[in-house]
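J.: Take this structure first; my questions come after.
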Amino acid sequence: MSNRRNFIVHASAISAALVSINALGQGTMVSETDAQAAALGYKADNTKVDKVKFPKYAADQQCANCSLYQSKPADSSAGCAIFPGKQVAAKGWCSAWAKKA
């Protein structure tokens, strides 16, 4: 019985670890045509933002210096709190941009 119990405990711990690793994993890049990305005006290249549609955009705003960017600014892409399980380009931008503290 103790071997079975140990197996279940270890299997549960391994499963939880794999889920955590997967959640933090690389993920796919957000597509500009994704419904949520399009609604937020996401562009992988911040120089291509529609400045008429998004007048609050400023040239120095990009994902890498946004508080929602989940990595170091030097990384070329990373996760974003707005797009769970997906990555955004460091030089990207969307209307949810918020200055990093």
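The values are calculated or read from the model by the stated rules, or taken from the named source; none is laboratory data. Quick caveat, the model's predicted, so the values are computed rather than measured. With ideal geometry, Cβ positions are generated from the backbone for all residues, glycine too; neighbour counts draw on all protein chains shown.
J.: Tell me yes or no: at least one residue of the range 78-97 is part of a strand (DSSP E or B), modelled with pLDDT under 95 and among the small types (Gly, Ala, Ser).
T.: Checked against the condition, which is being part of a strand (DSSP E or B), modelled with pLDDT under 95 and among the small types (Gly, Ala, Ser), the range 78-97 yields at least one hit.
J.: Moving to a separate point now. Taking the options 92, 85, name whichever one is surrounded by 15 or more Cβ atoms within 10 Å (Cβ to Cβ), in contact (Cβ under 8 Å) with a residue 40 or more places away in the chain and of a type in the set (Gly, Ala, Ser).
T.: When all the criteria are applied, what remains is 92.
J.: Among the residues that make up the range 31-54, is at least one of them modelled with pLDDT of 95 or more, loosely packed, with under 10 Cβ neighbours inside 10 Å and of a type in the set (Lys, Arg)?
T.: There is at least one residue in the range 31-54 that is modelled with pLDDT of 95 or more, loosely packed, with under 10 Cβ neighbours inside 10 Å and of a type in the set (Lys, Arg).
J.: Yes or no: residue 53 part of a loop (DSSP other than H, G, I, E, B), touching a strand residue (DSSP E or B) at 6+ places or on another chain (Cβ under 9 Å) and without any contact (Cβ under 8 Å) to a residue 24 or more places away in the chain?
T.: No: the conditions fail for residue 53.
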